[in-house]
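Down below is the structure, laid out as structure tokens.
The values are calculated or read from the model by the stated rules, or taken from the named source; none is laboratory data. Keep in mind that this is a model prediction, so the values were computed, not measured. Using ideal geometry, Cβ is built from the backbone for each residue, glycine included, and neighbour counts are taken over all protein chains shown.
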Amino acid sequence: MTIGGQQIPLPIQREDFATWQNWLSRLDTQPMEQWLSMGHPVSQSAYLWGGAHVGKSHVLQACCDMAGHNARYLPLADLLCFPPEQVLADAHLASVVAIDDMDCIENDEGWQEPLFTLFNRCMESGVQLLVAASKAPAQLSALLPDLRSRLTSLTIFQLPHFSEEHIAALLRLRAEAAGITLSNEVLQYCALRLPRDAQKVVQFMEQLDRLSLAQSRPVTIPLIRESDLLNRTDD
């Protein structure tokens, strides 16, 4: 972003792990996956909503990863302190525009009008538009009616919360990515005690990986008990 002739870096960072290869597919998410994997024409634009840490940001970043360099990921919660006209400039020239945390601008009219303009440009240009929020479009009552109407026109998917089985599957997925072997007993032990929160599961696995390497010990239930890592996930 450029302001007054100076290049101002934006706090936009996509997670390396946020790809489709590292996505935990679930029965309830398969319609969304099939819709979004069809490529990136405007007809595959979508609105994703659900509780915290159910994978909304992961999906948006995975779609950007699939589109390559010609994609824009915009986590609004990290960008509100910047002028919207500067942040959104030329975004409609991308093949995919992914807007995260849409609900954080619900009471910010200074952002709503520029976003409405961006939505119109994306639709006119055939850009795939992806939006994520914690609430369904109809629940964003403080948005400008025209902007809410644009959001409602997108194909809407609700991402479900994680079950204990999903947490175990996510643990296995992250362990395999880190080259860690987890027995079924360890998976069940951890899944039973971890919050149903994907972000905390990821943080737990990162801490467990570091602990296992530091102590040169395999991951076992005794090691996990001694570390007290499971009790720290609620901090």
Say whether the condition of being among the acidic types (Asp, Glu), in the same structural domain as Ala138 (by TED's automatic domain parsing) and more than 18 Å from the chain's Cα centre (by Cα) is met by at least one residue in the stretch 59-78. no
Val131 versus (1) surrounded by 14 or more Cβ atoms within 10 Å (Cβ to Cβ); (2) in contact with a Lys or Arg (Cβ under 8 Å, 6 or more places away or on another chain): which is the lone unmet condition? (2)
Go through the stretch 175-215 and count every residue that is in contact (Cβ under 8 Å) with a residue 60 or more places away in the chain and crowded, with 19+ Cβ neighbours inside 10 Å. 2
The lone condition Ala77 fails out of (1) in a helix (DSSP H, G or I); (2) in contact (Cβ under 8 Å) with a residue 40 or more places away in the chain; (3) hydrophobic (A, V, I, L, M, F, W, C); (4) touching a helix residue (DSSP H, G or I) at 6+ places or on another chain (Cβ under 7 Å) is (2)
Would you confirm whether or not the stretch 226-235 contains a residue that is within 16 Å of Leu170 (Cα to Cα) and either touching a residue at least 60 places away in the same chain (Cβ under 8 Å) or part of a helix (DSSP H, G or I) (or both)? yes
Can you pull out the residues in the stretch 66-113 that are farther than 25 Å from Ala52 by Cα, crowded, with 18+ Cβ neighbours inside 10 Å and out of contact with any strand residue (DSSP E or B) (no Cβ under 8 Å at 6 or more places or on another chain)? His92
Single match in Glu124, Glu165 (criterion: under 17 Å from Trp23 (Cβ atoms) and either surrounded by fewer than 20 Cβ atoms within 10 Å (Cβ to Cβ) or not assigned by TED's automatic domain parsing to the domain that holds Gln30 (or both)): Glu165
Residue pairs within 7 Å by beta carbon, gap of at least six or interchain, first lying in the stretch 109-128 and at positive phi, second outside any helix (DSSP H, G or I), listed first then second, are Gly126/Pro41
When you go through (1) surrounded by 15 or more Cβ atoms within 10 Å (Cβ to Cβ); (2) assigned by TED's automatic domain parsing to the domain that holds Asn107 one by one for Ser153, which number turns out not to apply? (1)
Which residues, counting only those in the stretch 166-186, are under 26 Å from Gln30 (Cβ atoms) and either among the polar types (S, T, N, Q) or over 24 Å from the mean Cα position of the chain (by Cα) (or both)? Leu182, Asn184
